[in-house]
Amino acid sequence: MDALATIAVILDSTIRLSVPLLCAALAGLWSERAGVVDIGLEGKMLVAAFASAVIAAQSGSAWAGLLAGITASVALALVHGFAAITWRGNQIVSGVAINMLAAGLTVILGNAWYGQGGRTPTLEGAARFGDITLPFADSARESVPGLGLLYAEVVSGHAAPAYLALLCVVLTAFVLKRTRFGLRLRAVGENPAAVDTAGISVAGLRYGAVVICGALCGLGGTYLAVSQSAGFLPHMTAGKGFIALAAVIFANWRPWQALWACLLFGLLDAVAIRMQGVVLPGIGQVPVQAIQALPYLMTVILLAGFIGRATPPKASGLPYVKER
């Protein structure tokens, strides 16, 4: 039972650490499926984390913070869309600019408003998303050996944004595969000229994907600041946007595969946290820095091993110029 309890704790941490990655991965998937490369996922999550923490602290409502985080992220996504879609600018340069803008702006505003080195006030009570206990979780722990513990510790006990992120996987898979909007959006990422010939707005579909991308980044950023942490910390995304991009490539731009890829990264992160201070036979105590580097090392390995096999949408990263 002790081994099972340890596994349950690690799996619980895996899900918690995977939620921001999953939101960013789904965001990148929506954007790139429409032909818009977005490496600014990191910046949008960071801005969302800051905006959500500020509004949650001022209003005392975590849900108001979520709305603010999504709004701020969508606004930044529209900036990227304006540069990449309307003006047909370089999408990589635009994404880099968004990351740099978010990293500097959040620290400057946070320090100017609160004087705590860019940090926001600590969130307490209703200003922070609490864990939700699912039905029968407490009774299942005692009445159903093994599975009851996993249900109570792993499935139950997460914040509302975590369950929303999992719901977004289902909705993304359904919309992209089963709806007219999803079919048209995938077609824009493969052959925008054919979509334009059919009388459908290429720019409109791409802007729609960019807005969805911003909303998902807003959900992930809000989870970081208002649920996982108790406020905003400078650079708290810590490369999660780039790891999410690796997950999208590893998943070959498919939502369910992206879920498993993010869970893999989350598991590595959870194991790394668990291994800190552990003495390994024949090795001794592994340096903390080496353990913390595990998720990033796996990112490099996956990119090196799968980037040649992955097949991105054919029009991804290419601005559409209507033929006259």
Work out, step by step, the length gained on full extension between Thr179 and Leu147: first 0.36 nm times the residue separation, then minus their alpha carbon distance; give nm to one decimal.
7.9 nm
Among the lysines, which fall within straight-line cross-link reach of Lys177, defined as a Cα-Cα distance under 23 Å, with same-chain neighbours fewer than 8 residues apart omitted?
Lys314
Separation of the Met100 and Asp2 label points, Cα + 7 Å toward Cβ, nm:
5.4
With labels modelled as points extended 7 Å from the Cα through the Cβ direction, what inter-label distance (nm, one decimal) is found for Arg274 paired with Val155?
2.0
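What does the convex hull of the alpha-carbon atoms of region 2-303 project to on average, in nm²?
Details: hull surface 70.4 nm².
Spelled out: convex hull of the Cα atoms, projected over all directions, averaged, 17.6 nm².
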Can you return the aspartates and glutamates within cross-link range of Lys240? Criterion is Cα-Cα under 19 Å, with same-chain partners fewer than 8 residues away left out.
Asp12, Glu32, Asp38, Glu42, Asp269
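For region 11-77, what number results from the quotient of the Cα radius of gyration and 2.2 N^0.38 Å? Please list the in-between numbers first.
Details: Rg = 13.2 Å, N = 67, 2.2 N^0.38 = 10.9 Å.
Ratio of Cα Rg to 2.2 N^0.38 Å: 1.21.
Near Ile200, within a Cβ-to-Cβ distance under 12 Å, what is the net charge of the other residues, with Lys and Arg +1 and Asp and Glu -1?
Working: positive: Arg180, Arg184, Arg206; negative: Asp196.
Once all neighbours under 12 Å are counted, the net charge is +2.
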Which order do you get for Phe265, Phe242, Phe250 if you rank them by accessible area with a 1.4 Å probe, largest at the top?
Phe242, Phe250, Phe265
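The values are calculated or read from the model by the stated rules, or taken from the named source; none is laboratory data. Just so you know, these numbers come straight off a predicted model, no measurement behind them. When we count neighbours, we look across all protein chains shown, and the Cβ atoms used for this are built from the backbone with ideal geometry, even at glycine. For accessibility, only protein heavy atoms count, side chains too; no ligands or nucleic acids. Shrake-Rupley method; radii C 1.70, N 1.55, O 1.52, S 1.80 Å.
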